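Peer 1: Handing you a structure now.
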Amino acid sequence: MTGTDGVPADAARGGPPPGGPGPEIVAADPGTGRAAQAAPPLLEVRAVGKTFGGVIALRDVSTRVCQGEVTCVLGDNGAGKSTLIKILSGMHAPDSGEYLLDGAPAAFTSPRDAMDQGIATVYQDLAMIPLMSVWRNFFLGSEPVLGRGPLRRFDVAGARRVVREELRSMGIDIRDVDQPMGTLSGGERQSVAIARAVHFGARVLILDEPTSALGVKQAGVVLRYIAQARDRGLGVVFITHNPHHAYPIGDRFLLLNRGTSLGEYGKAGITREELTSLMAGGTELERLAHELDRGEPPGPAYP
Amino acid sequence: MTVADERLARTGAARRLLVRPELGAVVGAVAVFAFFASQSATFRSIEGVANWLDPASTLGIMAVAIALLMIGGEFDLSAGVLTGTTGLIMVILATRYGLSVWTAMLVSLAAALLVGFLNGLIVVRTGLPSFIVTLGTFLMLQGVNLGVTKALTGTVQVGGLRGAEGYEGARALLAGTVQVGGTDFRVAVLWWLGVTALATWVLMRTRAGNRIFAVGGDARAARAAGVPAERTKIALFMTAAVAAWLVGSILALRFTSVQANSGIGQEFVYIIAAVIGGCLLTGGYGSAIGAAIGAVIFGMADKGIVFAGWDADWFTFFLGAMLLLATLANRLVRRYAEEVRR
């Protein structure tokens, strides 16, 4: 990807054009850049903040998610990642700043409200019910029905078929949609949750640390499904503390530290090394590396 | 691109059959039947079958309703004594206040729905364990049953339903008999089969069923998926109360009188039958058919011990052993189903 900063990554990738067939106009006037763009970002927050009692959990954080793009939110524990997700997913209202959906101010009463407006959040632990089958989990809360009145019933055959098709079209290979969710691997469970959000018409997909508890191979599988969702035109917010997971897939990187933004970078504006170094607090990592290096050979200290 | 996990190959057809919740109950029922049938010719005759299906039916209606509630993650210890309360309300109203049996049944249904609603409301609003909440309701109803009955009649039972208006019709509907192959079966058996079929349909083939499994499996995750967890749980408590009303009415019409202490001690029998039928004590898993079969095991053991000419005192020993075996089997199922692979 060699586009200059500010050029939507879609054009370079040849993904689905966000605003229909017309050519995309990019920042005709740099001074009022976002107003001149053909399609506003799907979701944007400007200088949002949140305090809990005396604790400032988040201050002056801005970011956005565009159609067909992945915005990665990186930060160590306690950096404010979860507070930001809760604001984005409609669980908390921000105390300050703006929340824009398709360029218009938005406020949600509940996560369900946000879900109805196309913002789906997949939490690491709350994603699924382990004792229930894959297809029952998939349609939980939005079961398709047949018939009416007292004969209204869960369209079981249809549900099974749709789940099988949806998973296959995402390239998720689960042999048996009847098996309990708990028997799937962590990566598979995240993947099914992503497929579910895509099926129910999510436009923005917020993923809370989907790779953090996974092994290397399983994390790779989940990253592949995130790419699938992106290629279908969804905007993805990918929360992680692992720059090696974020860098290959992200188009935009928001770094958080102690509740404030360390900066937002386009892919062209940052290298993997810089990202890793920023994540670890730059000089802190160097000092640590130095410290560990020195300790390795005991050297002449022994007589 | 194939991401099939090679470790999934273990899921064979046999294994899938093994995780059916009813399996343990079916195996148990076959074993218990074979055992008593070999001991007593009466037990295996058609009259014998009609005989042990009778206790199985009234117990089964309750066990199925309690199974739904347990799949939804809650208990109801007040369900047993509520069968007494509803029966008492009906008989008292029909014999002392001149209401017809039908009207009296409607009033007792309303009372049962109220008790179920309050049980559910307190549980979902306070977040207290339903075990404690319904234990409280159980003790309160026990006191009311005794206190009101004694105050009205001076004794611990109310009777005389036979003379009440509408008795014959209600009795035919709920407490009569039907002839099958020359043998009289209690009509309650049909109610039991109907309740089991309806509950199975709701569980497996409706939205409500999916939500019952979900609120019992993980109420927080269910809520995150948009399931109205509170409403689902309250509805389950009310369902258990309606079942108690049905059984209370059946028993009252059959005996034409109700003891003030009737139903006490039954609440655990319902739970045991549901657990033998494959319900997990922790919720989210189980089956209505399994609970119905659990009730059959009870009926067979209850009458079989008598037919075989044994001391009926051994019944509870048998009960405890069945319960332990069933719980062990369920634990294996759960461990399999919840096995997390990363």
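Peer 1: Kindly provide the set of residues from the range A:90-110 that are in a loop (DSSP other than H, G, I, E, B) and surrounded by fewer than 21 Cβ atoms within 10 Å (Cβ to Cβ), ordered by number. Break it down into steps so the answer makes sense when it comes.
Peer 2: Within the range A:90-110, the first condition is being in a loop (DSSP other than H, G, I, E, B), and the residues that meet it are A:90-95, A:102-103, A:106-110.
Listed by number, the residues that qualify are A:MET91, A:HIS92, A:ALA93, A:ASP95, A:ASP102, A:GLY103, A:ALA106, A:ALA107, A:THR109, A:SER110.
Peer 1: Here is a list of conditions, (1) more than 9 Å from chain A (Cβ to nearest Cβ); (2) touching a Lys or Arg at 6+ places or on another chain (Cβ under 9 Å); (3) open to solvent by 10 Å² or more (accessible area, probe 1.4 Å); (4) at pLDDT 95 or above, and B:ILE250 meets all of them except one; can you say which number that is?
Peer 2: (3)
Peer 1: Further question: Yes or no: B:ARG331 among the basic types (Lys, Arg), open to solvent by 10 Å² or more (accessible area, probe 1.4 Å) and within 14 Å of chain A (Cβ to nearest Cβ)?
Peer 2: Numbers: among the basic types (Lys, Arg): yes; open to solvent by 10 Å² or more (accessible area, probe 1.4 Å): yes; within 14 Å of chain A (Cβ to nearest Cβ): yes.
The answer is yes for B:ARG331.
Peer 1: Here is a follow-up. Check the range B:39-48 and report whether any residue there is in contact with a helix residue (DSSP H, G or I) (Cβ under 8 Å, 6 or more places away or on another chain) and under 30 Å from B:GLY209 (Cβ atoms).
Peer 2: Taking every residue of the range B:39-48 in turn, none turns out to be in contact with a helix residue (DSSP H, G or I) (Cβ under 8 Å, 6 or more places away or on another chain) and under 30 Å from B:GLY209 (Cβ atoms).
Peer 1: Looking only at helices (runs of 4 or more DSSP H) that lie completely in the range B:1-107, which have at least 3 residues being at pLDDT 95 or above?
Peer 2: On the way: elements: B:13-18, B:23-39, B:41-44, B:46-71, B:79-96.
Ranges flagged: B:46-71, B:79-96.
Peer 1: Moving to a separate point now. How many residues does the range B:194-213 hold that are assigned to a helix (DSSP H, G or I) and either touching a residue at least 40 places away in the same chain (Cβ under 8 Å) or open to solvent by less than 20 Å² (accessible area, probe 1.4 Å) (or both)? Give the derivation first.
Peer 2: Filtering the range B:194-213 down to residues assigned to a helix (DSSP H, G or I) leaves B:194-205, B:207-213.
Add one more test, that the residue is either touching a residue at least 40 places away in the same chain (Cβ under 8 Å) or open to solvent by less than 20 Å² (accessible area, probe 1.4 Å) (or both), and what stays is B:195-196, B:199-200, B:202-203, B:209-210, B:212-213.
So the answer is 10.
Peer 1: Return a yes/no flag: does the range A:77-89 have any residue that is within 11 Å of A:VAL45 (Cα to Cα), more than 12 Å from the chain's Cα centre (by Cα) and not in a loop (DSSP other than H, G, I, E, B). Break it down into steps so the answer makes sense when it comes.
Peer 2: Keep residues of the range A:77-89 that are within 11 Å of A:VAL45 (Cα to Cα), which gives A:84, A:87-88.
Right, trim to more than 12 Å from the chain's Cα centre (by Cα) and you get A:87.
Applying the additional criterion that residues be not in a loop (DSSP other than H, G, I, E, B) yields A:87.
Yes: the range A:77-89 contains one or more residues that are within 11 Å of A:VAL45 (Cα to Cα), more than 12 Å from the chain's Cα centre (by Cα) and not in a loop (DSSP other than H, G, I, E, B).
Peer 1: Another question about this same structure. So A:ASP113 passes all but one of these: (1) in a strand (DSSP E or B); (2) more than 9 Å from chain B (Cβ to nearest Cβ); (3) farther than 19 Å from A:GLY49 by Cα. Which condition number does it fail?
Peer 2: (1)
Peer 1: Okay, moving on. Of (1) in a loop (DSSP other than H, G, I, E, B); (2) out of contact with any helix residue (DSSP H, G or I) (no Cβ under 9 Å at 6 or more places or on another chain), A:GLU264 satisfies all except one. Which?
Peer 2: Of (1) in a loop (DSSP other than H, G, I, E, B); (2) out of contact with any helix residue (DSSP H, G or I) (no Cβ under 9 Å at 6 or more places or on another chain), only one is false for A:GLU264: (1).
Peer 1: How do the pairs read when you match residues in the range A:124-153 that are more than 10 Å from chain B (Cβ to nearest Cβ) and open to solvent by 40 Å² or more (accessible area, probe 1.4 Å) with residues anywhere that are of a type in the set (Asp, Glu) and part of a strand (DSSP E or B), using Cβ under 9 Å and keeping only pairs 6 or more apart or on different chains?
Peer 2: That search, which allows pairs on different chains as well, returns A:GLN124/A:ASP208.
Peer 1: Do we have any residue at all in the range B:218-228 that's surrounded by fewer than 21 Cβ atoms within 10 Å (Cβ to Cβ) and aliphatic (A, V, I, L, M)? Walk me through how you get there before you give the answer.
Peer 2: Our first condition is that a residue be surrounded by fewer than 21 Cβ atoms within 10 Å (Cβ to Cβ); within the range B:218-228, this holds for B:220, B:223, B:226, B:228.
Going one step further and asking which of them are aliphatic (A, V, I, L, M), we end up with none.
Scanning the range B:218-228 turns up no residue that is surrounded by fewer than 21 Cβ atoms within 10 Å (Cβ to Cβ) and aliphatic (A, V, I, L, M).
Peer 1: Any residue that is in contact (Cβ under 8 Å) with a residue 60 or more places away in the chain and over 23 Å from B:GLY226 (Cα atoms) - is there at least one of those in the range A:172-186?
Peer 2: For the range A:172-186, residues in contact (Cβ under 8 Å) with a residue 60 or more places away in the chain and over 23 Å from B:GLY226 (Cα atoms): absent.
Peer 1: Also: Looking at (1) surrounded by fewer than 23 Cβ atoms within 10 Å (Cβ to Cβ); (2) away from chain B (no Cβ under 11 Å); (3) among the hydroxyl-bearing types (Ser, Thr, Tyr), which one does A:THR211 not meet, given that it meets all the others?
Peer 2: So the condition that A:THR211 fails would be (1).
Peer 1: Within the range A:222-261, can you find the residues that are open to solvent by 10 Å² or more (accessible area, probe 1.4 Å) and part of a strand (DSSP E or B)?
Peer 2: Passing the criteria: A:ARG252, A:ASN257, A:THR260, A:SER261.
Peer 1: Let me ask something additional. Spot the failing condition for A:ARG189; the list is (1) away from every other protein chain (no Cβ under 11 Å); (2) under 30 Å from B:GLY284 (Cα atoms); (3) basic (Lys, Arg); (4) touching a residue at least 24 places away in the same chain (Cβ under 8 Å), and only one is missed.
Peer 2: Exception for A:ARG189: condition (1).
Peer 1: Could we say that B:ALA79 is of a type outside the set (Asp, Glu) and out of contact with any Ser or Thr (no Cβ under 6 Å at 6 or more places or on another chain) here?
Peer 2: Values: of a type outside the set (Asp, Glu): yes; out of contact with any Ser or Thr (no Cβ under 6 Å at 6 or more places or on another chain): yes.
When the stated conditions are applied, B:ALA79 passes them.
Peer 1: Then there is this: Name, by its number, the condition in (1) away from chain A (no Cβ under 14 Å); (2) open to solvent by 30 Å² or more (accessible area, probe 1.4 Å); (3) in a loop (DSSP other than H, G, I, E, B) that does not hold for B:GLY263.
Peer 2: (2)
Peer 1: Being more than 14 Å from chain A (Cβ to nearest Cβ) and either of a type in the set (Val, Ile, Thr) or open to solvent by less than 40 Å² (accessible area, probe 1.4 Å) (or both) is the requirement here; does B:VAL180 meet it? Give the derivation first.
Peer 2: Values: more than 14 Å from chain A (Cβ to nearest Cβ): yes; either of a type in the set (Val, Ile, Thr) or open to solvent by less than 40 Å² (accessible area, probe 1.4 Å) (or both): yes.
For B:VAL180, the condition - more than 14 Å from chain A (Cβ to nearest Cβ) and either of a type in the set (Val, Ile, Thr) or open to solvent by less than 40 Å² (accessible area, probe 1.4 Å) (or both) - is met.
Peer 1: Next question, about the same structure. If we keep just the residues of the range A:166-182 that are within 19 Å of A:LEU234 (Cα to Cα) and among the charged types (D, E, K, R), which is most open to solvent (accessible area, probe 1.4 Å)?
Peer 2: Filtering the range A:166-182 for residues within 19 Å of A:LEU234 (Cα to Cα) gives A:166-172.
Checking which are among the charged types (D, E, K, R) leaves us with A:166, A:168.
Working: A:GLU166: 36, A:ARG168: 161 Å².
Here the residue is A:ARG168.
Peer 1: Restrict the check to the range A:252-272 and report whether at least one residue is of a type in the set (Ser, Thr, Tyr), over 29 Å from A:GLU166 (Cα atoms) and touching a residue at least 24 places away in the same chain (Cβ under 8 Å). Please lay out each step first, then the result.
Peer 2: Applying the first criterion (of a type in the set (Ser, Thr, Tyr)) to the range A:252-272 yields A:260-261, A:265, A:271.
Still in the running and over 29 Å from A:GLU166 (Cα atoms): A:260-261, A:265, A:271.
Cutting the leftovers down to touching a residue at least 24 places away in the same chain (Cβ under 8 Å) gives us A:260-261.
Taking every residue of the range A:252-272 in turn, at least one turns out to be of a type in the set (Ser, Thr, Tyr), over 29 Å from A:GLU166 (Cα atoms) and touching a residue at least 24 places away in the same chain (Cβ under 8 Å).
The values are calculated or read from the model by the stated rules, or taken from the named source; none is laboratory data. Bear in mind that the values here come from a model prediction, so they are computed numbers and not experimental data. Positions of Cβ are backbone-derived with ideal geometry, glycine not excepted, and every protein chain shown enters the neighbour counts. Each accessible area value is taken on the protein alone, full model and side chains, heavy atoms only, with ligands, DNA and RNA left out. Shrake-Rupley method; radii C 1.70, N 1.55, O 1.52, S 1.80 Å.
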